[in-house]
């Protein structure tokens, strides 16, 4: 058994309570029973569940619906973040109870317009807070849909004053089928958006640990619809990338990509565009949109633990001690931690700041889809 719980009591009136748990039990009924033991709250207003794609997802959804009250949203993962730190092949879950207002919006990616309008209308009903932000959105989206950019931008335009973050569902690096848990089922080609108003302050978090190098590359040929770089500087993309990063094409792997991402600079800020795999034709399939003519560089890493600690401390300075950080962390970051032997250190930092979430196939932050980035929402422990 691999379970734990965290309970946050906010003020004498218990304005907000969070309970989190993790399990690596493989049987859905047994796993949900363990999670219920430590994370169940009968008055929960929201339950977030992040599960390995290896489960019988129909059975898992059924057991969750029977054992946990209130709305449940979640997705399949490429790894989980929870009270035990970083784990693989299990489930992490958190319940939030108390004085929260929550609206859940299920989004059919084939026709998202009505759902996005409903999100905008719901945001208009949120109360204004004179002492700092108390509302946020959480987007969970099919990680193989290739729809994240359009969806995140459309939602941002519908509620520009509410911070939101998100993550693209994973399937344990198989890249076959990813699912979002919404309306009681794990669904392909769907997204879920939770709009939450809290009794305590919240702060969005975004950080990465790569900086652009001096080597300038131009995407000279691309398949934008499928997010594939075909050529860089007029050469086959995988061939040139491998040479510039010091390996042969045959040595390119997710671990190598995690240490040498593509960087795009826009408006004075750097955005990571991570590589998913080498295509049969020698191109580089990306986790993010890429277009012909874009100027890119290959990223150079800084110290990831220091970047994470600085971001979490910055959030704490802004809102006070966090009761919970809902985290969406790129799978390529996890692979880098594994390669550098930093999994335990990162996990300890996550436990220190009560991070619950998952390893993703992409991250969203206020309308922008990014890679190799941590995005999250910190929710304060104490009423301001």
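Here, each number is a calculation from the coordinates, and none is a lab measurement. Everything numeric here is computed off the predicted structure, so don't read it as measured data. Cβ placement follows ideal geometry from the backbone for every residue including glycine, while neighbour counts extend to all protein chains displayed.
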>> Using the basic label-point model (7 angstrom from Cα toward the beta carbon), what is the residue 173 to residue 113 distance in nanometres?
In response: 4.1
> Which whole-percent values make up P(r) of the stretch 54-152 when all C-alpha to C-alpha distances are grouped in 10 Å steps starting at zero?
Replying inline: 11, 35, 39, 15, 1
> Does anyone have the angle between helix 331-340 and the longest principal axis of the chain? Alpha-carbon axes, 0 to 90°, nearest 10?
Replying inline: 80
> Which angle from 0 to 90°, rounded to the nearest 10, does the C-alpha axis of helix 343-352 make with the longest principal axis of the chain?
Replying inline: 30
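When every alpha-carbon pair in the stretch 40-98 is counted, what percent end up more than 15 Å apart?
Values: 814 of 1711 pairs.
Of all Cα-Cα pairs in the stretch 40-98, 48 percent lie more than 15 Å apart.
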>> Placing one identical point scatterer on every Cα of the stretch 210-301 and ignoring solvent, what is log10 I(q)/I(0) from the Debye formula at q = 0.13, 0.17, 0.18, 0.25 Å⁻¹?
In response: -0.35, -0.61, -0.69, -1.47
> How do the peptides 371-380, 18-27 rank, highest first, by the average count of neighbouring beta carbon atoms within 10 Å per residue?
Replying inline: 371-380, 18-27
> Between the helical axis of 113-124 and the dominant principal axis of the chain, each derived from Cα atoms, what acute angle in degrees is found, rounded to the nearest 10?
Replying inline: 50
>> Could you tell me the relative contact order of the chain? Use alpha-carbon pairs under 8 Å, at least six residues apart, and round to a whole percent.
In response: 21
>> Given points 7 Å out from each Cα along the Cα-Cβ axis, report the residue 340 to residue 153 separation in nanometres with one decimal.
In response: 3.2
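What Kirkwood radius, in Å to one decimal, follows from the Cα pairs of the stretch 253-384?
The answer is 15.9 Å.
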>> If you average the alpha carbon positions of the stretch 69-108 and of the stretch 340-358, how far apart do those two centres end up, in angstrom?
In response: 17
> Over all distinct Cα pairs, what is the inverse of the mean 1/r for the chain, reported as the Kirkwood hydrodynamic radius in Å?
Replying inline: 20.8
>> Only counting other Cβ atoms within 10 Å, I'd like 361, 241, 156 sorted with the fewest neighbours first.
In response: 156, 241, 361
> Looking only at the stretch 241-278, which residues have a backbone nitrogen under 13 Å from a spot 7 Å from the Cα of residue 226 in the C-beta direction?
Replying inline: 277-278
> Per q in 0.14, 0.16, 0.21 1/Å, what log10 I(q)/I(0) does a Debye calculation on the alpha-carbon atoms of the stretch 160-316 return?
Replying inline: -0.87, -1.06, -1.37
